[in-house]
Amino acid sequence: GENVEQHPSTLSVQEGDSAVIKCTYSDSASNYFPWYKQELGKGPQLIIDIRSNVGEKKDQRIAVTLNKTAKHFSLHITETQPEDSAVYFCAASRATDSWGKLQFGAGTQVVVTP
Amino acid sequence: DVKVTQSSRYLVKRTGEKVFLECVQDMDHENMFWYRQDPGLGLRLIYFSYDVKMKEKGDIPEGYSVSREKKERFSLILESASTNQTSMYLCASSLRDIGEKLFFGSGTQLSVL
């Protein structure tokens, strides 16, 4: 089955700097790659996703890039702000079924210091 | 907005007790999921359901069962709680047509003593 590895496990950045989180996946048939953000005391929330027919997707200060050949994808957060502090999870799935069996990475704790 | 509500934020139970975790969603989603979240392990799928009375095992179903008698409600059952089931439990739901876009509840932190 699919295996998703996520690095780093913790990331501390100064406010205004950029943050990058990287994930690798094992199943070449995976074609859907979402990123979830989990704030303290809340459940994870989808913030951005990308499908395998797209190399990059951007939404304001966040962007995701995908390298299908190398089987890795990354989340980029620019101009970080204190409210970006959270745990971020990457995930991968085949998305061929009507239900979403996502395989999640272990998570990255991002701390943005003022 | 989709709302997924989990009945308890914190729960403390004793070893051997039968434990029920309840989840309700209000957006008529077909799919519902139970995940377990542990530090360093991410989110692991326990069970999911794509319709009323239907259930499928996830990656770590041992020691758990589920019930889906109504479309909006999905229950996770620990038949005989053990200390290694101490964890954060997250419920999620999604529409059939875009099944991979999950909406999560806030979680139930279960401690088994």
Computed about the Cα centre, the charge dipole of the protein assembly as shown from +1 Lys/Arg and -1 Asp/Glu charges at the Cβ has a magnitude in debye, to the nearest 20, of 420
Out of B:Gly58, B:Ser93, B:Ser80 - ranked by how far each Cα lies towards the positive end of the dipole of chain B, with unit charges on the beta-carbon of charged residues - the top one is B:Ser80
Rg/Rh over Cα atoms for chain A, Kirkwood Rh, comes to 0.96
For chain B, the dipole about the Cα centre with charges only on Cβ (Lys and Arg +1, Asp and Glu -1), to the nearest 20 debye, works out at 280
What one gets for the stretch B:2-81 as the Kirkwood radius, inverse of mean 1/r over different Cα pairs in Å, is 13.2
Ordered by number, the trypsin sites (Lys or Arg not before Pro) in the stretch B:1-33 that occupy a DSSP loop and have at most 13 other Cβ atoms within 10 Å are B:Lys3, B:Arg9, B:Arg14, B:Lys18
Simple spin-label estimate for A:Lys42/B:Ser111, 7 Å along Cα→Cβ, in nm, reads 2.5
Taking every residue of B:37-44, the Cβ atoms of other protein chains inside 10 Å of its Cβ average out to 6
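Each reported figure results from applying straightforward, stated rules to the coordinates on display, with no laboratory input. Nothing here was measured: the structure is a model prediction, and the numbers come from that model. Cβ sites come from the backbone with ideal geometry, for glycine too, and all protein chains shown count toward neighbours.
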